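Below: the structure, in structure tokens.
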Amino acid sequence: MDIGYLIREHLTSPVQAQQFETLFTIGNGYVGVRGLLEEDSAHPTFDSTRVHGLFNLAEGDLSPDLAPAPHWLGLTLEFDGYRFGYENGRVLGLERELDVRSASLTRRVLWQSPAGDVVRLTFERFASTADEHVLALRVSGRVLHGAPRVRVCGGIETRVSLPSGYNHWQPWKTGSIEPDAIWARSQTTQSGYTLAMAAALVTDLDAVPSLLADGAHPQVEFGAALDEGQTFTVTKLVTLFTSRDSADPLVDAQAALSRARQAGYDALYAAHCERWGRLWADSDVVLEGDPFLQQALRFCIYHVLIAAPQHDDQVSIGAKTLSGAGYRGHVFWDTELFMVPLLTLTQPQLARNLLMYRYHRLPGARAKARANGYEGAMFPWESADTGDEVTPQWTLPDASGKRIRIWTGELEQHVTSDIAYAIAQYWQWTGDDVFMRDYGAEIVLDGARFWASRVEWNAAEGRYEIRNVIGPDEYHEDVDNSVFTNAMARWHLQTAQQVWAWLNERHPERAATLGRELSIDQVALDRWQDVIDRIYLPFDPERRIHIQYDNFFDLKPVDVLAYQPRVASLQSVFGYEATRHLRIIKQADVVMLMALLGAQVGDRDVRLNNWETYYPLCDHGSSLSPAVHAWVAARLGKLDLARELFEHAAEIDLRDNKGNSRDGIHGAACGGLWQALAFGFAGLHLTAEGPAIDPHLPAGWDRLQFSVRYRGERYTVTVEGGEARIERSQP
Ligand code: IFM
């Protein structure tokens, strides 16, 4: 077994348990299941399971949550009346590990009951990637000492809640199918999605199952006498459907359960592993010379893969994937600029699904533009199922009851260009002209219309400006002429010109339709060109640096590097209000622009000057930041620093270095790590002839190998022993 695929649990304090619940999330692009323990009967929320797309607005709330699905992991084991659990009896041995190669979680426990019986228990679980409606867990036991009577009980716990306490479900209806199988069904209170779950408890013990009637928590139980040396297995098979994917979720859940029972755990697991073998064949990275980074890369790729919808183009990946309650499941630019590129280059069909989510949400983006007095499509900063802006306006109250106004929903507008960037990148790498013709072009063109209407003419200066925004650096709100925002708006308009020219040349009928529907005429095209020519990109010609936004250098200087090392952000050190006036950057901003646009931002000297100016000011208060810095540092040849920043990015969840992994995986940091490696260290880029590399690896990285897909063909990048190559490979 290659250690680079295994993530082991190391608990040094009880609070870390929640970090590992997040880390040990299993999933299949439809459902995500946190790593709660099977026997955990006293969990504060039972918030283990999330299904894509089930957003709901709870009564009394103003922003939707991804509603938590019932907790299906529960399994109680009692030996002669003593309940198995770490707090009872003695744990004589314990190990728990996530195997990202097979997307499965395993725990081995040697346990002595208070009566002295000793059992060895192995728990395994997976969320099937071969049939995404199937979830499975199995416990295999062996009695090493004693001959206890075992009692087993497991069911569907519907009394789940979010840390916020909001309820999202109407009262659950529950029932039984057979003596060893049960079901539960309900609807979300406001959005009206139905979810149905069915579960069976199957065993090789000579036991007669019976039902424990509890409306909110239907369970199956059975008991049997065990002999010393005896082995046994208990398998819990669970199926899950929603009204998003089924006309009758309960009927489908029951039918799928019957099929899953017939197949059995081993066959289901084999099919699941076969699919994962194919996923890894395309997405794996080998990095020899640093075992931690090797493990982190696979861990991060795994978490993006288990969150990416396989068969559904109406949902997208939230900032915390399906692994936690953070950010309520909402979708940010994190998806398009951080996670999608990994998928575009290694699993293009999954990237396409995510881009289609934005296509389907164009009506929401158009409504937002209209509501703000603009044209075209203005995508929401936070998006859920409807495509409307769902960013909450206030933070939750702190200990003193104080709440802070959140302005990103109104002011953080660059997301519209970020989506266009992901579309252009997807198109370049895949050559998927059908997608571009039928869907992508419409997003890019209508986004361009937004920017053309959004800019303001400054007659005194003779230039277009974009005032009152938030750039990637969210410590500074309501700023004018964020260079990131302005430069990406300009890039977006230029890209729209290219897409429009291509459409007219290759698909004139589609161009005519879109031209009519989006009012793209010569007047509009002239306006785009004028904005491109005269939009203001703040630049200091003496220092030859970009200026993050107007008056940025009036902020009070702070020696940010003097506050290292630290887990808390400098905003929490100085306070929200004070930080607004300090020259501290939350995350890659000008640096982010350099990562995306490279030499288009300026010549090497300008980019180096930008780096020397902005890197020392950055607090990395956002998990999105370190990987982007690593990427740019690697391109600028600052390899030691690049490696340090890469390690910082790699540690975000595995070592919880932002202190909030309990809320869910930082999906953007995961996707960012891969990009830092591919685009930064390996220097992967496209030329007219196809993909090319320009690698610079830090000392100690002995070998790097990964594959990407370019226009249907696989290319493998290998860097080892001072040699580097990219070659077309099979299949
Ligand atoms: O999208 C990010 C943002 O850039 C920084 N704050 C957190 C958001 C969600 O990850």
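The values are calculated or read from the model by the stated rules, or taken from the named source; none is laboratory data. Here the structure is a predicted model, which is why all the values come from computation and not from measurement. Cβ atoms come from the backbone with ideal geometry, glycine included; neighbour counts cover every protein chain shown. For the accessible areas, the whole protein counts, side chains as well, though only heavy atoms, and no ligand, DNA or RNA atoms are used. Shrake-Rupley method; radii C 1.70, N 1.55, O 1.52, S 1.80 Å.
Numbers below:
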{"read-out": "Positions within the range 301-332 being surrounded by 24 or more Cβ atoms within 10 Å (Cβ to Cβ), within 16 Å of the ligand (Cβ to nearest atom) and assigned to a helix (DSSP H, G or I), in sequence order", "value": "H303, V304, A307, G329"}
{"read-out": "Flag for L677 being open to solvent by 10 Å² or more (accessible area, probe 1.4 Å), more than 16 Å from the ligand (Cβ to nearest atom) and in contact (Cβ under 8 Å) with a residue 24 or more places away in the chain", "value": "no"}
{"read-out": "Complete set of residues in the range 213-233 that are in contact with a strand residue (DSSP E or B) (Cβ under 6 Å, 6 or more places away or on another chain), surrounded by fewer than 14 Cβ atoms within 10 Å (Cβ to Cβ) and of a type in the set (A, V, I, L, M, F, W, C)", "value": "A225"}
{"read-out": "Qualifying residue in the range 625-633 (condition: modelled with pLDDT of 95 or more and part of a loop (DSSP other than H, G, I, E, B))", "value": "no"}
{"read-out": "Within the range 46-71, tally of residues that are modelled with pLDDT under 95 and either aliphatic (A, V, I, L, M) or closer than 22 Å to F241 by Cα (or both)", "value": "4"}
{"read-out": "From the options A263, A247, A216, residue that is in a loop (DSSP other than H, G, I, E, B), under 22 Å from V152 (Cβ atoms) and of a type in the set (G, A, S)", "value": "A216"}
{"read-out": "From T346, T335, residue being within 16 Å of the ligand (Cβ to nearest atom), of a type outside the set (A, V, I, L, M, F, W, C) and in contact (Cβ under 8 Å) with a residue 24 or more places away in the chain", "value": "T335"}
{"read-out": "Selection status of V591, under 17 Å from A634 (Cα atoms), at pLDDT 95 or above, out of contact with any strand residue (DSSP E or B) (no Cβ under 6 Å at 6 or more places or on another chain) and more than 16 Å from the ligand (Cβ to nearest atom)", "value": "no"}
{"read-out": "Any hit, the range 701-711, residues being more than 20 Å from the chain's Cα centre (by Cα), closer than 30 Å to G621 by Cα and not in a strand (DSSP E or B)", "value": "yes"}
{"read-out": "Per-region count, the range 396-426, residues hydroxyl-bearing (S, T, Y), away from the ligand (no atom under 16 Å from the Cβ) and open to solvent by 10 Å² or more (accessible area, probe 1.4 Å)", "value": "1"}
{"read-out": "Residues satisfying the stated conditions in the range 510-531, i.e. part of a loop (DSSP other than H, G, I, E, B) and either more than 34 Å from the chain's Cα centre (by Cα) or more than 13 Å from W500 (Cβ to Cβ) (or both)", "value": "S519, I520, D521"}
{"read-out": "Qualifying positions in the range 156-190 - open to solvent by less than 50 Å² (accessible area, probe 1.4 Å) and touching a Gly at 6+ places or on another chain (Cβ under 9 Å)", "value": "I156, E157, T158, W172, T174, I182, W183, A184"}
{"read-out": "Subset of the range 355-372 (residues that are surrounded by fewer than 24 Cβ atoms within 10 Å (Cβ to Cβ) and touching a helix residue (DSSP H, G or I) at 6+ places or on another chain (Cβ under 8 Å))", "value": "M356, Y359, L362, R366, A369"}
{"read-out": "Sole residue being open to solvent by 40 Å² or more (accessible area, probe 1.4 Å), of a type in the set (G, A, S) and part of a helix (DSSP H, G or I), chosen from A270, A296", "value": "A270"}
{"read-out": "Single residue of the range 445-473 satisfying the filter (away from the ligand (no atom under 16 Å from the Cβ) and of a type in the set (D, E, K, R)) that is farthest from I535 (Cα to Cα)", "value": "D446"}
{"read-out": "Flag if V483 is buried (at least 19 other Cβ atoms within 10 Å of the Cβ), among the aliphatic types (A, V, I, L, M), in contact with a strand residue (DSSP E or B) (Cβ under 6 Å, 6 or more places away or on another chain) and under 27 Å from S623 (Cα atoms)", "value": "yes"}
{"read-out": "Test for L343: is it at negative phi and in contact with a helix residue (DSSP H, G or I) (Cβ under 8 Å, 6 or more places away or on another chain)", "value": "yes"}
{"read-out": "Cβ pairs under 8 Å, 6+ apart, first in the range 609-624 and over 24 Å from C300 (Cα atoms) and at pLDDT 95 or above, second more than 16 Å from the ligand (Cβ to nearest atom) and charged (D, E, K, R)", "value": "N609/R543; N609/R544; W611/K638; T613/R543; L617/R583"}
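Results for (1) in contact (Cβ under 8 Å) with a residue 60 or more places away in the chain; (2) within 15 Å of S622 (Cα to Cα); (3) open to solvent by less than 80 Å² (accessible area, probe 1.4 Å); (4) not in a helix (DSSP H, G or I), shown as yes or no for each residue.
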site	(1), (2), (3), (4)
D533	no, no, no, no
Y549	yes, no, yes, yes
V558	no, no, yes, yes
E577	no, no, no, no
